[in-house]
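The values are calculated or read from the model by the stated rules, or taken from the named source; none is laboratory data. Predicted model, so just to flag it, every value in this text is computed and none were measured. Positions of Cβ are backbone-derived with ideal geometry, glycine not excepted, and every protein chain shown enters the neighbour counts.
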Amino acid sequence: MISTIEVYSPKTLPEAYAHLQQLNGRAKLLAGGTDLMVQLHDGVAVAPAYLNIWNLDELRGIQDIGDTLRIGALTTYTQMMHSPLVRQYCPILIEAAKTVGGVQIQNRGTLGGNIVNASPAGDTLPILAAFEAQLELGSHRGIRVVRFNEFYTGYRQTILAPDELVVAARLPKTAPNEHLFFQKVGSRQALVISKVVMACKAQVNDEKRVHSIQIGVGSVAPIVIRLRQTETLLQGQKLTDALIESAKQSAMQEVRPITDVRSTEHYRRTITANVLVRFLRQLLE
Ligand SMILES: Cc1cc2nc3c(=O)[nH]c(=O)nc-3n(C[C@H](O)[C@H](O)[C@H](O)COP(=O)(O)OP(=O)(O)OC[C@H]3O[C@@H](n4cnc5c(N)ncnc54)[C@H](O)[C@@H]3O)c2cc1C
């Protein structure tokens, strides 16, 4: 039996909001489709209606707004990779974009899709966590701005209301004296989902005292997390071999990984700690 599926392709954002309001949670949004089409193929993400937002140019593009970099939800990995603004103010987003899938996925996959798909292994998510990004959520009621670090409430659960969509992410621009770090650990270099993915942002003074540090990690808990305990341990301290060893032990304890088809719990704990040590050693150099 062939069942009918409703597909709507609004041309403007207000039109999309009106559809979302009218469909009252019955619709699934379709952006680049690189996650959704796979999920549909697997019989997941089946919905009575789909709202194709790909035509909404208002959701595309990267803007320089004062001390903020604003990236539209429909901006693709390829667009981020070629953006001089991203290169200047958040170059690790380019590193992450380059590791996502292959060229076809980079041309079609979007930042908003990565965020709302809510996989703990999403490659851009540790960067948004470390940058303390904010998200613009839009609906017929207007725009509300929320903290990215408060967006996920559990495994693949978000605070997005049924009639809302993600409009853009706002990232504070990296200061010239801030050190950035991104590393994705997988079974191979290309086309791989991470076993661990980490993004860090830190400032150290001339004496190698940690002025600020933010550590975002994916694939080690039901949602992307910040290593807050480890950050507190490092904050204000002078980087030494002993401190780095303490941070390593702290990171190992702080993550909550599981064993699955991609990796074991033990491996993920160990590798998270080792990747953090790599960053801290870079700061020392
Ligand atoms: C072969 C392959 C390799 C991949 N490799 C990687 C990888 O290395 N790293 C990685 O992180 N991901 C990877 N992915 C996953 C995927 O490409 C990314 O998560 C991508 O960013 C999803 O974006 P999209 O626009 O295609 O989202 P879609 O598939 O269109 O949507 C994903 C989800 O987000 C929702 N959604 C999308 N946009 C919005 C919005 N603006 N507001 C509200 N809801 C929205 C949709 O309803 C859906 O639930 C891979 C996928 C494939 C098929």
Kindly check whether there is at least one residue in the stretch 82-92 that is of a type in the set (A, V, I, L, M) and over 26 Å from PHE131 (Cα atoms).
-> no
What are the residues in the stretch 1-30 that are surrounded by 14 or more Cβ atoms within 10 Å (Cβ to Cβ) and part of a strand (DSSP E or B), if any?
-> TYR8, ALA27, LYS28, LEU29, LEU30
Any hit, the stretch 26-37, residues being over 18 Å from GLY122 (Cα atoms), over 23 Å from the mean Cα position of the chain (by Cα), more than 10 Å from the ligand (Cβ to nearest atom) and not assigned by TED's automatic domain parsing to the domain that holds ILE193 = yes
Pick from the stretch 37-60 the residues that are out of contact with any Asp or Glu (no Cβ under 8 Å at 6 or more places or on another chain) and under 12 Å from SER9 (Cα atoms): which of them is surrounded by the fewest Cβ atoms within 10 Å (Cβ to Cβ)?
-> ASN55
Please specify each residue of the stretch 66-81 satisfying the condition of being exposed (fewer than 13 other Cβ atoms within 10 Å of the Cβ) and free of Cβ contacts under 8 Å to residues at least 24 places away in the same chain.
-> GLY66
Among (1) at pLDDT 95 or above; (2) in a loop (DSSP other than H, G, I, E, B), GLU245 falls short only on (2)
How many of the residues in the stretch 100-132 are within 8 Å of the ligand (Cβ to nearest atom), closer than 20 Å to ILE223 by Cβ, in contact with a strand residue (DSSP E or B) (Cβ under 9 Å, 6 or more places away or on another chain) and in a helix (DSSP H, G or I)?
-> 6
